[in-house]
Ligand SMILES: C[S@@+](CC[C@H](N)C(=O)[O-])C[C@H]1O[C@@H](n2cnc3c(N)ncnc32)[C@H](O)[C@@H]1O
């Protein structure tokens with residue numbers, strides 16, 4: 001799939017059934033934790049750049065996210081506390097402080113990612129609270145604490161129970177609080193990784209699709225020093241249709257305020273694909289929803 005490349009060029013790729021029960025959801029999340037503990041090396045290598053970036057007062061929020069959040073007014077006015085689910089190395093979490101958020105909390109399943117996030121926070125002197133856990137186990141002490149739950153940019157594909165995820169989002173939000181999701185459009189999964197023109201990849205489908213693989217695309221984490229691909233942890237992804245994401249938030253009781261499909265992307269998958277071809281498909285989507293007062 002996208003973070004890995006699809007099966008076309010990956011010997012370790014396997015088509016999977018969607019996780020059928022909670023045990024399987026947890027098994028896949030645990031496998032993904034091991035994979036991200038390995039992949040976090042790329043974030044550690046990037047620490048100097050991330051430190052300079054934040055120290056110069058810049059924010060890594062994507063313009064689509066900023067545009068969506070500005071609909072609710074300036075963040076400094078309404079967002080006292082933000083919880084970032086799947087915060088990885090913390091660059092985006094700390095960027096929320098640059099954007100005017102009062103305090104930030106990052107949650108991630110990978111110990112190595114949280115360690116990198118703590119280090120970044122320490123280096124730039126931007127305090128934050130970090131929790132290392134499965135997003136589904138986000139501690140109840142955070143319930144009702146968030147003006148904003150922020151997530152995305154390569155997040156939802158790692159979650160194998162979307163209903164449980166949406167319930168966590170709902171319980172974290174204060175009444176009137178907003179969740180912001182900006183993520184890869186599931187349509188991208190269908191596109192051939194290798195081709196310079198838009199072609200469907202073989203073996204993939206839009207509905208109920210899951211797969212597993214080893215190895216990371218060069219466009220994301222790339223090679224990991226000292227661990228060749230066959231020795232890396234197998235990681236599991238799930239494609240959620242845009243409708244499934246929106247419906248999960250509605251089912252959790254949230255009110256949809258913003259829904260968009262975008263040509264813009266937050267990274268550069270499909271290394272051979274011409275820009276004119278990229279511009280023909282939805283590369284990302286975004287949703288903002290609010291908890292009732
Ligand atoms: C592709 S990164 C995206 C994060 C961020 N947007 C970025 O650009 O770095 C996905 C993150 O999700 C985390 N993750 C995966 N499954 C998770 C789960 N079940 N609970 C919490 N975090 C999870 C991984 O450890 C990883 O840091």
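All of the numbers you see were taken from the coordinates with simple rules; none came from a lab. Just so you know, these numbers come straight off a predicted model, no measurement behind them. Positions of Cβ are generated from backbone atoms using ideal geometry, with glycine treated the same way; all protein chains shown enter the neighbour counts.
Residues in region 133-184 that are more than 15 Å from the ligand (Cβ to nearest atom), within 18 Å of the chain's Cα centre (by Cα) and surrounded by fewer than 23 Cβ atoms within 10 Å (Cβ to Cβ): 170 only.
Pairs meeting the criteria (first residue in region 217-245 and at positive phi, second residue buried (at least 20 other Cβ atoms within 10 Å of the Cβ) and part of a loop (DSSP other than H, G, I, E, B), beta carbons under 9 Å, at least 6 apart or on different chains) are 222/216.
With respect to (1) near the ligand (Cβ under 10 Å from one of its atoms); (2) within 14 Å of residue 152 (Cβ to Cβ); (3) in contact with a helix residue (DSSP H, G or I) (Cβ under 8 Å, 6 or more places away or on another chain), the lone exception for residue 29 is condition (2). Every condition in (1) within 14 Å of the ligand (Cβ to nearest atom); (2) without any contact (Cβ under 8 Å) to a residue 60 or more places away in the chain; (3) touching a helix residue (DSSP H, G or I) at 6+ places or on another chain (Cβ under 7 Å) is met by residue 57 except one, and the failing one is (1).
Only one of 215, 260 is in contact with a helix residue (DSSP H, G or I) (Cβ under 8 Å, 6 or more places away or on another chain) and crowded, with 21+ Cβ neighbours inside 10 Å. Can you tell me which?
Values: 260 fails: crowded, with 21+ Cβ neighbours inside 10 Å.
Only one candidate passes the filter, namely 215.
Just one residue in the set 40, 19, 35 is within 13 Å of the ligand (Cβ to nearest atom), closer than 19 Å to residue 225 by Cα and in contact with a helix residue (DSSP H, G or I) (Cβ under 8 Å, 6 or more places away or on another chain); that residue is 40. You will find that of 105, 109, the residue that is within 25 Å of residue 53 (Cβ to Cβ), within 15 Å of the ligand (Cβ to nearest atom) and more than 13 Å from the chain's Cα centre (by Cα) is 105 and no other. The listed residues are 83, 64, and the only one of them that is within 16 Å of residue 155 (Cβ to Cβ), within 16 Å of the ligand (Cβ to nearest atom) and not in a helix (DSSP H, G or I) turns out to be 83. List pairs: first in region 107-135 and in contact (Cβ under 8 Å) with a residue 60 or more places away in the chain, second assigned to a loop (DSSP other than H, G, I, E, B) and surrounded by fewer than 20 Cβ atoms within 10 Å (Cβ to Cβ), Cβ under 7 Å, 6+ apart or cross-chain? From region 107-135, the pairs are 109/133; 109/134. Among the residues of region 98-132, the ones that are assigned to a loop (DSSP other than H, G, I, E, B), surrounded by fewer than 17 Cβ atoms within 10 Å (Cβ to Cβ) and on the phi < 0 side of the Ramachandran plot come to 2 in all.
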